[in-house]
Amino acid sequence: MTRLGAALGYSAVVLPRWGEVSIRIDGYADRGQDIIAATPAGVDMNKVIATIKVIDDVCDSRTDAAAARTSFEAITRFPPVGVARFALFAAAGASALSVIFGAAHWLSLILIALSAGAGACLRRWVGSMTRNLFVQPFSAALLAGVIGAVAVRLQLSSALRLVAVCPCMVLVPGPHLLNGAIDLVRGRLPLGASRIGYASLIILMICTGLLVGLSLGGVSLPASGPSTAVPLGYDVLAAGVAVAAYGTFFAMPWRMLPIPILIGMLAHTCRWLVITIGGGSVETGALVACLVAGIIVTPVARRLRLPFAAFGFATVVSLIPGVYLFRMAGGLAALMAPGEKASPDLMLGTVTDGVTAFLIFVAMAFGLIAPKMLIEHFDSSEQARL
């Protein structure tokens, strides 16, 4: 908006908040300030790319203000990702994440894909019925919990409950957490806190839906389940599929999908080497992978005119600590039942899962944001010197 205003001969200042955007325009005779209702709850990279292209055309004098207005109005009417494609990639992404976390049986993979695909269709249907931002993830997680409980009863799920957990992992709002962290680092505290709060409420709804669904079948979610080593080839290929799935969720154009897929596979290779060969922790592996991704994504995102948070998170989506979050939630629910007679091992496992999830989130945020901030700082310093 600042660039567009300058190209049209005005000085524009944009103040984004949760729920509204305030725009002050100096030198505009009719009105000096507008407040526009806007809730940054969605991620649509197709619209972002098209909008930035129009702004670039205006700034480079390839189009005028009237044509730009028409283009902006057309962009608002861009359709979302089709239901079939959305459900297909949700199924593929959940199955890929299950492979990364140790799923080895084809029947489990099929159940996970069916659960995630059905959850995606349910989200679209619920979204057409209500504008509430939290009903969709709750409904999809509830369905995943019910299907997971049935799978456990039929002895079709492992001790990790991946049939129930993995369809919920594709619901975790990573871009909002990352955008919130960027806002906090840049000093936009109200907006950053709002983003983090929104993402936290979605995660709470996911955990609640999952646990309620499991409880309907009399099944609990164990804390601190055993980890399973995955061969490098399976791990990297599954990471690429997960990146493609999240790129689809964010409406990334088909022609651009190979770039984040390759970056994500490279980052996940680094993580596998750190953990398997180097003996590092999952937190260290996530940090190294995100540092590699952040160093590559920052210039690529600027070159392709893509939103950094969505593009960056899509490349490292396979690192999200959803399993640890859901185990922590299950452990907290299990601790409430016996009260003071709760097992110390259960308490320790719950705390361990919670701390691990928090440290992974911090490592991912730092690994992605630090290269971005440093590259932008030195790039602006170099431009100022020249």
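Structure values in brief
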quantity: Entirely in segment 48-150, the helices (runs of 4 or more DSSP H) that have 2 or more residues that are in contact with a Phe, Trp or Tyr (Cβ under 9 Å, 6 or more places away or on another chain) and of a type in the set (Val, Ile, Thr); calculated: 83-100
quantity: Filtered residue count, segment 171-203, keeping only those that are under 11 Å from the mean Cα position of the chain (by Cα) and modelled with pLDDT under 90; calculated: 8
quantity: Filter result for the condition that a residue is more than 30 Å from residue 216 (Cα to Cα) and not charged (D, E, K, R), over 321, 307, 344; calculated: 307
quantity: Any chance residue 329 is open to solvent by less than 40 Å² (accessible area, probe 1.4 Å) and over 19 Å from the mean Cα position of the chain (by Cα); calculated: yes
quantity: Test for residue 211: is it closer than 14 Å to residue 316 by Cβ, touching a residue at least 40 places away in the same chain (Cβ under 8 Å), in contact with a Ser or Thr (Cβ under 9 Å, 6 or more places away or on another chain) and open to solvent by 20 Å² or more (accessible area, probe 1.4 Å); calculated: no
quantity: The lone exception for residue 23 - which of (1) buried (at least 17 other Cβ atoms within 10 Å of the Cβ); (2) assigned to a helix (DSSP H, G or I) it fails; calculated: (2)
quantity: Residue ID - farthest from the chain's Cα centre (by Cα), chosen from residues in segment 67-82 that are open to solvent by less than 70 Å² (accessible area, probe 1.4 Å) and modelled with pLDDT of 90 or more; calculated: 67
quantity: Any hit, segment 127-138, residues being touching a Gly at 6+ places or on another chain (Cβ under 6 Å), open to solvent by 50 Å² or more (accessible area, probe 1.4 Å) and over 18 Å from residue 40 (Cα atoms); calculated: yes
quantity: Elements of type helices (runs of 4 or more DSSP H) in segment 228-322, at least 1 residues being more than 22 Å from residue 94 (Cβ to Cβ), over 13 Å from the mean Cα position of the chain (by Cα) and at pLDDT 90 or above; calculated: 258-272, 282-304
quantity: The one condition in (1) under 26 Å from residue 312 (Cα atoms); (2) more than 26 Å from the chain's Cα centre (by Cα); (3) open to solvent by 60 Å² or more (accessible area, probe 1.4 Å); (4) of a type in the set (A, V, I, L, M) that residue 8 fails to fulfil; calculated: (1)
quantity: Residue count for segment 265-312, restricted to those that are open to solvent by less than 10 Å² (accessible area, probe 1.4 Å), under 21 Å from residue 249 (Cα atoms) and not β-branched (Val, Ile, Thr); calculated: 10
quantity: Output for segment 108-126, where each listed residue is open to solvent by less than 60 Å² (accessible area, probe 1.4 Å), in contact (Cβ under 8 Å) with a residue 24 or more places away in the chain and aliphatic (A, V, I, L, M); calculated: 111, 112, 116, 118, 120
quantity: Members of segment 166-204 that are part of a loop (DSSP other than H, G, I, E, B) and open to solvent by less than 40 Å² (accessible area, probe 1.4 Å); calculated: 170, 171, 172, 173
quantity: Long-range neighbours under 6 Å by Cβ, at least six apart or interchain, first residue under 16 Å from residue 254 (Cβ atoms) and open to solvent by less than 60 Å² (accessible area, probe 1.4 Å) within segment 33-54, second modelled with pLDDT of 85 or more and not in a loop (DSSP other than H, G, I, E, B); calculated: 50/75
quantity: Residue match in segment 90-100 (condition: of a type outside the set (S, T, N, Q) and open to solvent by 60 Å² or more (accessible area, probe 1.4 Å)); calculated: no
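The values are calculated or read from the model by the stated rules, or taken from the named source; none is laboratory data. Treat the numbers as computed from the prediction; the structure is a model and nothing was measured. We place every Cβ from the backbone using ideal geometry, glycine too, and count neighbours over all the protein chains shown. Please note that ligands, DNA and RNA were not included when accessible areas were found on the heavy atoms of the full protein model with its side chains. Shrake-Rupley method; radii C 1.70, N 1.55, O 1.52, S 1.80 Å.
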